[in-house]
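To keep things clear, I will list the structure first and then write my remarks on it.
The values are calculated or read from the model by the stated rules, or taken from the named source; none is laboratory data. Just so it is clear, the structure is predicted and the values come from calculations on it, not from any experiment. No Cβ is skipped: glycine too gets one built from the backbone with ideal geometry, and neighbour counts run over all protein chains shown. With ligands, DNA and RNA removed, areas are computed over all heavy atoms of the protein, side chains included. Shrake-Rupley method; radii C 1.70, N 1.55, O 1.52, S 1.80 Å.
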Amino acid sequence: MTTLYPLFLLLVLSVKATDPSQAASPCRCNFGYIPTFVNVTIPSDPSTPRGLSSTDFNLQTNINVYGELCQPVNIDYRFQGSIQLLVHGLTYTSKYWDVKWNGYENYSFVEYSCRQGISSFAFDTIGTGRTSRPKMSRDCQLPTAANITSSLARDLKSGRVSSLLTGHKTTYKKVIGIGHSLGSVILNYAAVAEGGSSPFDGLMLTGITNEPIAPTTPASDVDPGRFSGLDPGYITSPDINFRTFFYGDTESYSPKVLQMDELTKDTGSRWMLPQISAVYAPANGFKAPVLMIIGEFDKALCLPYGGPCTQEKLQAEEPSYFPDSENFAVTVVPNGSHSLNLEFTASLVFETMATAFENFVRKEQIGGLYSHMSNWQNGFSVADLFGVGV
């Protein structure tokens with residue numbers, strides 16, 4: 001018997017069959033928990049800025065870290081044995097790196113990386129998302145977060161992460177740390193604390209200069225439904241108007257992405273904020289390459305200090321914090337602000353980071369590589385400018 005389908009249904013089915021969002025993912029992802037033992041010295045009173053030499057209290061605890069390991073379906077043998085470890089910022093989770101909501105797959109740096117043959121490991125930092133949230137927010141300090149982050153980098157190298165998440169041991173010889181905002185501060189802090197013993201083979205720090213960031217408010221006050229009962233030291237942004245602070249003008253981002261950002265915001269620890277001054281010190285002994293990526297109109301890092309960020313100003317000021325780096329460079333993203341992955345600048349930022357990853361892995365020079373990034377405004381890409389296929 002022949003079945004007759006209404007014309008509109010046939011049209012819907014044909015649209016679904018050709019919808020790009022239904023295409024096979026370029027990634028093969030596994031997610032789960034990595035039990036991580038923390039053994040770190042932290043100040044007993046983190047409300048007062050302390051240096052790295054503070055020895056008030058030895059914290060020993062077990063943290064279940066939620067993470068996602070994504071490997072490319074199509075292997076690029078240039079990048080075998082190398083991986084990027086992604087650290088999100090305050091009030092975000094690991095999903096900052098893998099936004100796939102309501103068709104916005106073009107905002108996923110993880111998927112972009114898979115298309116270039118690059119593996120990623122993104123995780124929720126302590127006190128956020130699905131990672132353990134200690135009863136006392138004071139346990140969530142920068143030394144704690146940095147200790148966990150470095151432990152995960154070592155676990156990627158040993159194959160422990162892949163064994164736990166995939167059941168198969170895959171070791172990585174090179175781990176490149178990529179951070180956003182407070183995530184960049186965490187990576188910077190780890191470099192200062194560990195110097196030459198750091199497990200990282202390169203750092204990309206987005207949304208960071210050596211300046212403080214803005215505090216936020218108790219999460220339990222902002223959203224009692226999600227965060228009731230939390231220690232008031234766990235904080236988040238108060239409303240959607242506040243989150244516009246992370247973006248440029250209204251033509252630089254989609255209002256739907258801003259709505260998604262507000263709906264999915266998470267918690268952080270207020271006790272990390274006074275400790276940010278600890279990264280205002282040289283990362284002596286840290287020899288790996290470093291790339292700093294800053295939005296031209298970052299309201300947290302540039303505009304409060306006299307106007308747009310310029311590459312010349314940052315390139316003159318920032319290298320002193322990484323005096324032993326074999327290669328340090330700064331790039332300023334034209335028209336970019338703070339949450340670069342969520343703005344219309346995302347494609348440029350992704351291309352830049354993938355290019356830098358290749359150079360880090362191949363140990364090629366990055367100095368001057370991005371000095372003409374402003375040409376992108378005239379229709380050029382990083383690959384066009386430098387002849388690098390990404």
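Only one of the listed residues (349, 330) is among the β-branched types (Val, Ile, Thr) and assigned to a helix (DSSP H, G or I). That residue is 349.
Only one of 183, 207 is modelled with pLDDT of 95 or more, in contact with a Ser or Thr (Cβ under 8 Å, 6 or more places away or on another chain) and within 19 Å of residue 295 (Cα to Cα); which? Reasoning before the result, please.
Working: 207 fails: modelled with pLDDT of 95 or more.
So the residue among 183, 207 that is modelled with pLDDT of 95 or more, in contact with a Ser or Thr (Cβ under 8 Å, 6 or more places away or on another chain) and within 19 Å of residue 295 (Cα to Cα) is 183.
I need the full set of residues from the range 254-283 which are among the basic types (Lys, Arg) and assigned to a loop (DSSP other than H, G, I, E, B), in order please. 265, the sole residue that qualifies. Close contacts from the range 46-68, counting a first residue that is farther than 16 Å from residue 136 by Cα and modelled with pLDDT of 65 or more and a second that is of a type in the set (Gly, Ala, Ser) and not in a loop (DSSP other than H, G, I, E, B), with Cβ to Cβ under 6 Å and a gap of 6+ residues or different chains, come to 68/122.
Candidates 71, 80: the one that is modelled with pLDDT of 95 or more and open to solvent by 10 Å² or more (accessible area, probe 1.4 Å) is 71. The set of residues from the range 299-342 being within 22 Å of residue 108 (Cβ to Cβ) and either over 20 Å from the mean Cα position of the chain (by Cα) or buried (at least 21 other Cβ atoms within 10 Å of the Cβ) (or both) comprises 331, 333, 336, 337, 338, 339, 340, 341, 342. A single entry from 132, 94 fulfils the requirement of being hydroxyl-bearing (Ser, Thr, Tyr) and buried (at least 24 other Cβ atoms within 10 Å of the Cβ): 94. Select, from 174, 157, 169, the only residue that is closer than 24 Å to residue 71 by Cα and either without any contact (Cβ under 8 Å) to a residue 12 or more places away in the chain or buried (at least 24 other Cβ atoms within 10 Å of the Cβ) (or both). Just one listed residue meets the conditions, 169.
For residue 150, state whether it is open to solvent by 30 Å² or more (accessible area, probe 1.4 Å) and small (Gly, Ala, Ser).
Values: open to solvent by 30 Å² or more (accessible area, probe 1.4 Å): no; small (Gly, Ala, Ser): yes.
In short, no.
Within the range 254-276, residues that are over 22 Å from residue 337 (Cβ atoms) and open to solvent by 30 Å² or more (accessible area, probe 1.4 Å) have Cβ atoms under 7 Å from residues that are in a loop (DSSP other than H, G, I, E, B) and small (Gly, Ala, Ser) in these pairs: 270/233; 274/47, counting only partners at least 6 apart in sequence or on another chain.
The set of residues in the range 309-327 that are modelled with pLDDT of 90 or more and part of a loop (DSSP other than H, G, I, E, B) comprises 322, 323, 324, 325, 326, 327. For the range 94-102, the criterion of being at pLDDT below 95 and either more than 30 Å from residue 217 (Cα to Cα) or over 19 Å from the mean Cα position of the chain (by Cα) (or both) is met by at least one residue.
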